[in-house]
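Contents: one structure, followed by commentary.
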Amino acid sequence: MTAAWVVVAVVGVATVGIKAAGPLAVARRPPSARVRAVLDHLAPALLAALVVTEAVGAPGGVAFDARLAGLGAAAAAVALRAPILLVVIVAAAATAVARALL
Amino acid sequence: MTSSPDRVGERPGYLDGMRLALPVGVAVGVFGVSFGVLARAAGMSPLAAVLMSATTFAGSAQTAAVSILGAGGGLVAATTTAVLLNLRYGPIGLSAAPALSGPWWRRLLQAQLVVDESWALSQRDGGRIDPSLLIGAGTILYVGWIAGTAAGAIAGGLLGDPRRLGLDAMFPAIFLALLVPQVRSRSRLAAALGGAGIAVVLLPFAGAGVPILVASLACLAGLWSRGRDRR
């Protein structure tokens, strides 16, 4: 069993369980407000970290390359309230152009 | 990726949910194609990629897992990061729970259709979740996600080097587009800045995945939000 299959199996089972936990256990006592508030902030913390690692992460450290042009274009598209589809296309196009020019 | 649920009557049906989710479903389908491409690049077979989309059905977690795997970040970091990303479905599931009915196995299956977008699209007045909109929207998104994944995983190789097309910039763009709607309070902004800051500091020293795991500690910013900006 390769690493990829282990990830598929473990993440799949865990996610099915997490999604089902609320609806199946709703009769029980819900988590405290403190726990809910912390979990509620997990998504922005992790997504921001993912933006950083995906934009400048490279094998063995960081690399500042054409991906930053894509991220800048994506930020402009998000600011203009573009749908995610357009945001992604704009980011890829800006990076492809920057890479061809550099 | 969200839009307001307009032009839906007082008693919406499954078809209303599907109609509402169709534009989002197209974006999710393209996101699925990009996940399929990335999964192949990370060494995952098309079957594994499609099975992951069918069981996990959570775009950011799946993308994070395969990008860490592809960057050599290792099994534990990839799995833990994906599960951490999906922990938000705990509270989301609690808020959706009153909308789901029937025996336990039925609620378990319906709960799998709860994703950020279907949950957001089925919000009605006063934070109530409409069951028909939730199931209809979730079904469209599920089909789009799996179809996109299959197309990307099978035909993605025809694209050639994804870097030449700038496809490696799709992922920071997607995460940014998912992040911005999340930052709707000061404490959430603090969590985002904290997470990004931790990742920036650790990235030059730690292997792929570790900075993301440590960055999850920034969610402790939620402790400051009590009673102020809770949903």
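The values are calculated or read from the model by the stated rules, or taken from the named source; none is laboratory data. None of these values were measured; they are calculated from a predicted model. Here Cβ is always computed from backbone atoms with ideal geometry, including for glycine, and neighbour counts include all displayed protein chains.
Give me the pairs, please: first residue somewhere in the range A:47-74 and over 17 Å from residue B:72 (Cβ atoms), second residue anywhere and among the charged types (D, E, K, R) and modelled with pLDDT under 90, beta-carbon distance under 9 Å, and either six or more positions apart or on two chains.
Pairs that qualify, where the first residue is over 17 Å from residue B:72 (Cβ atoms) and the partner is among the charged types (D, E, K, R) and modelled with pLDDT under 90, are A:66/B:163; A:66/B:168; A:67/A:54; A:67/B:168; A:70/B:168; A:71/A:54.
Sort through B:113, B:133 and tell me the only one that's more than 8 Å from chain A (Cβ to nearest Cβ) and in a helix (DSSP H, G or I). Walk me through it before giving the result.
Numbers: B:113 fails: in a helix (DSSP H, G or I).
Only one candidate qualifies: B:133.
Can you find, within the range A:73-85, the residue that is nearest to residue B:25 (Cα to Cα) among those that are more than 7 Å from chain B (Cβ to nearest Cβ) and surrounded by 17 or more Cβ atoms within 10 Å (Cβ to Cβ)? Write out each step before concluding.
Of the range A:73-85, the ones more than 7 Å from chain B (Cβ to nearest Cβ) are A:73, A:76-77, A:79-82.
In the following step, the residues that additionally are surrounded by 17 or more Cβ atoms within 10 Å (Cβ to Cβ) were identified as A:73, A:77.
Working: A:73: 23, A:77: 19 Å.
Looking at residues that are more than 7 Å from chain B (Cβ to nearest Cβ) and surrounded by 17 or more Cβ atoms within 10 Å (Cβ to Cβ), I get A:77.
Does at least one position in the range B:111-129 carry a residue that is touching a Pro at 6+ places or on another chain (Cβ under 6 Å), without any contact (Cβ under 8 Å) to a residue 60 or more places away in the chain and surrounded by 17 or more Cβ atoms within 10 Å (Cβ to Cβ)?
yes
Say whether the condition of being part of a loop (DSSP other than H, G, I, E, B), outside the structural domain of residue B:57 (by TED's automatic domain parsing) and touching a residue at least 60 places away in the same chain (Cβ under 8 Å) is met by at least one residue in the range B:161-181.
Filtering the range B:161-181 down to residues part of a loop (DSSP other than H, G, I, E, B) leaves B:161-166.
When the remaining residues are screened for being outside the structural domain of residue B:57 (by TED's automatic domain parsing), the result is none.
No, that holds for no residue.
Quick check on this structure: which one of B:54, B:64, B:97 is under 28 Å from residue A:87 (Cα atoms), within 7 Å of chain A (Cβ to nearest Cβ) and among the hydrophobic types (A, V, I, L, M, F, W, C)?
B:64
Within the range B:136-187, restricting attention to residues that are within 9 Å of chain A (Cβ to nearest Cβ) and modelled with pLDDT of 90 or more, which residue is nearest to residue B:51 (Cα to Cα)?
Restricting to residues being within 9 Å of chain A (Cβ to nearest Cβ) and modelled with pLDDT of 90 or more, the top hit is B:176.
Looking at this structure, is residue B:143 aliphatic (A, V, I, L, M), under 19 Å from the mean Cα position of the chain (by Cα), surrounded by fewer than 24 Cβ atoms within 10 Å (Cβ to Cβ) and part of a helix (DSSP H, G or I)? If you could, list the steps in order and put the result at the bottom.
On the way: aliphatic (A, V, I, L, M): yes; under 19 Å from the mean Cα position of the chain (by Cα): yes; surrounded by fewer than 24 Cβ atoms within 10 Å (Cβ to Cβ): yes; part of a helix (DSSP H, G or I): yes.
In short, yes.
Does residue B:124 satisfy the criteria of being modelled with pLDDT of 85 or more, closer than 18 Å to residue B:92 by Cβ and out of contact with any Cys (no Cβ under 9 Å at 6 or more places or on another chain)?
Values: modelled with pLDDT of 85 or more: no; closer than 18 Å to residue B:92 by Cβ: yes; out of contact with any Cys (no Cβ under 9 Å at 6 or more places or on another chain): yes.
When the stated conditions are applied, residue B:124 does not pass them.
Among the residues of the range B:88-98, write down those that are surrounded by fewer than 21 Cβ atoms within 10 Å (Cβ to Cβ) and out of contact with any Pro (no Cβ under 8 Å at 6 or more places or on another chain).
Within the range B:88-98, B:95, B:98 meet the criteria.
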